[in-house]
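This report refers to the structure that appears directly beneath it.
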Amino acid sequence: MDTEALRTSSGVTDDPARSGSLPAWAYLDPDVYERERHEIFYKTWIYAGWAGELRAPGDYMTVELLDQSVIVMRGRDGALQGFHNVCQHRGHRLLEDRGRVAAITCPYHAWVYDLDGGLKRARATEHTVDFDRSCFSLKPVRVEVLADKFVFFNLDADAEPLGPRVEDFVADVRRELPLFDRLVKVPPRPRTEAEERRRAEYFPIRANWKVYMDNFLECYHCPPAHPGFLRDLTFDDLTYTGHDLWAKQKSGTRRPGGDKQIFWTLFPTFVFWNAGTLEKPAIHAMNFAIPDGPARTYAGPMDVYRLPGEEDREEWRPDWGDVGGEDKALCESVQKGLASLGYDRGRVIYDPDGGNNEGAMHAFQRFVVRALGI
Ligand code: FES
Ligand SMILES: [Fe+2]
């Protein structure tokens, strides 16, 4: 698609009752994907993990985002800081996974960086003319902690701070989950062999990342497609809230005690929900859809937050049948259909009073078209 076509209006308008859904070309075209890479993933706030995991100076985590890798680290002054995970000598990757270091040493030629990112030592540079170490500091990445819990980073040095833009989101989470502030990330439960096998079969989703997000953000498809899910959730009281930067889907459940089920999404792709109860919350938080090209999608690692002393236990997960497998099949069918010469675009289905509503999906699509200027 050329630039001319990219300027074509997406047809996604502000009023969900009147809006078209994103056209097929927005999911297929490699130029749109390139634009998303630069205008969405390199410019918005992306979830990295739990702030409480980085307690002491030198504690770090690494986060992968498309072709980028980022280090988030506690500095000597106690502040969190972010760096591109790349050595300024010849570009080798610096750190893996997570851990604690006294300094960052590159595995390739052993340049050593201080915790503030400054280049401390570069071996055998006495004869390198005009070598100025201060010109080779690690490149910084913006970092912010949301609600004293979730670490976010943004690859855009000029990005607007996240916190002031989502105060209503944080207030909503605290209102719905009174114990939210006490939750801590619990160590990941080792996956069983069956879970490993299933995960390997599940990813990648052979669909555009927005197809996967769209599907997550509406339950209009739940009655026909998710019989197991509807044995747990009550559908008729399902409500949707769509804002500029976030959305929420909330319904009752049929679990003993009748807790609520709420899914929050912070655009573009941070998702979390409480799979426990109000008294014993089990928050599952993740980057839901990370693209690997226009037609392949992975999810980021899932973090589980519980009250101190609780574990990540399988039995706390509600039984939703094979909702994941069903969604994968739906998304992969849609991706094929988007390429059909017989499909152009559909309509957003909007019902403010019931579950048959694509209002949260519409909020996401509006976020996308605004970010891309289409
Ligand atoms: S690439 Fe890191 S020291 Fe050479
Ligand atoms: Fe679904």
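The values are calculated or read from the model by the stated rules, or taken from the named source; none is laboratory data. Computed from a predicted model, the values in this text were never measured in an experiment. For neighbour counting, all protein chains shown are included, and Cβ atoms are generated from backbone atoms with ideal geometry for every residue, glycine included.
Observations on the model:
- Under the condition of being part of a helix (DSSP H, G or I) and either touching a Lys or Arg at 6+ places or on another chain (Cβ under 6 Å) or of a type outside the set (Ser, Thr, Tyr) (or both), the residues counted in segment 333-373 number 19.
- Scanning segment 38-60 for residues that are out of contact with any Lys or Arg (no Cβ under 7 Å at 6 or more places or on another chain) and touching a residue at least 60 places away in the same chain (Cβ under 8 Å) yields GLU39, ILE40, PHE41, TYR42, LYS43, THR44, TRP45, ILE46, TYR47, ALA48, GLY49.
- Answer residue from segment 219-252, given it is of a type in the set (Ser, Thr, Tyr) and touching a strand residue (DSSP E or B) at 6+ places or on another chain (Cβ under 9 Å) and is surrounded by the most Cβ atoms within 10 Å (Cβ to Cβ) among those: TYR240
- Selected residue (criterion: surrounded by the fewest Cβ atoms within 10 Å (Cβ to Cβ)) from residues of segment 85-137 that are aromatic (Phe, Trp, Tyr) and within 11 Å of ligand 1 (Cβ to nearest atom): TYR108
- Residue within segment 175-182 that is surrounded by 16 or more Cβ atoms within 10 Å (Cβ to Cβ), assigned to a helix (DSSP H, G or I), acidic (Asp, Glu) and in the same structural domain as PHE288 (by TED's automatic domain parsing) present: no
- GLY346 meets each of the listed conditions (1) within 16 Å of ligand 2 (Cβ to nearest atom); (2) touching a residue at least 40 places away in the same chain (Cβ under 8 Å) apart from (1).
- All of TYR113, TYR108 fail the test of being away from ligand 2 (no atom under 16 Å from the Cβ), in the same structural domain as LYS139 (by TED's automatic domain parsing), more than 26 Å from the chain's Cα centre (by Cα) and without any contact (Cβ under 8 Å) to a residue 24 or more places away in the chain, apart from TYR108.
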